[in-house]
Amino acid sequence: GDRDFDVEIEDLPVGGYDLFVGGVQRGTIAVEASDDGNEGKIEFGNPADEDEQPLDFDPRGELIEIFDGGTLIFSVNFPF
């Protein structure tokens, strides 16, 4: 069936934040100003919709990290 993996961040300064899954950079999350504050999101899908990146990796059990330049700002082990 369809699989989706989405990462959302908020309350960070406007800009680009690198997303790593299992030590591999999978994309950049663009944080933009909105009426609800600063927010950003990246979406992956298999099969991918037009607004999604291809989900050609398995995030389950992997370390999810978000970097601002070379500075780690968030990390978590994604559950299985």
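The values are calculated or read from the model by the stated rules, or taken from the named source; none is laboratory data. If you're wondering where the values come from, they're calculated on a predicted model, not measured in any experiment. Please note: Cβ atoms are built from the backbone with ideal geometry, for glycine as well, and neighbour counts cover all protein chains shown. To get the accessible areas, we keep the full protein, side chains included, count just its heavy atoms, and leave off ligands, DNA and RNA. Shrake-Rupley method; radii C 1.70, N 1.55, O 1.52, S 1.80 Å.
Placing a pseudo-label 7 Å from each Cα along the Cα-to-Cβ vector at Glu52 and Val14 gives an inter-label distance of 3.0 nm. With a Förster radius of 25 Å applied to the C-beta separation of Arg3 and Thr28, the computed FRET efficiency comes to 0.70.
Express the carbon and sulfur contribution to the solvent-accessible surface of the chain as a percent, rounded to the nearest whole number, probe 1.4 angstrom.
44
Computed over the chain, the convex hull of the alpha-carbon atoms projects to a mean area of 5.7 nm². Counting only protein heavy atoms and a 1.4 Å probe, the chain has 65 square angstrom of accessible area per residue. Only Cα pairs under 8 Å and 6+ residues apart enter the sum, and on that basis the relative contact order of the chain stands at 29 percent.
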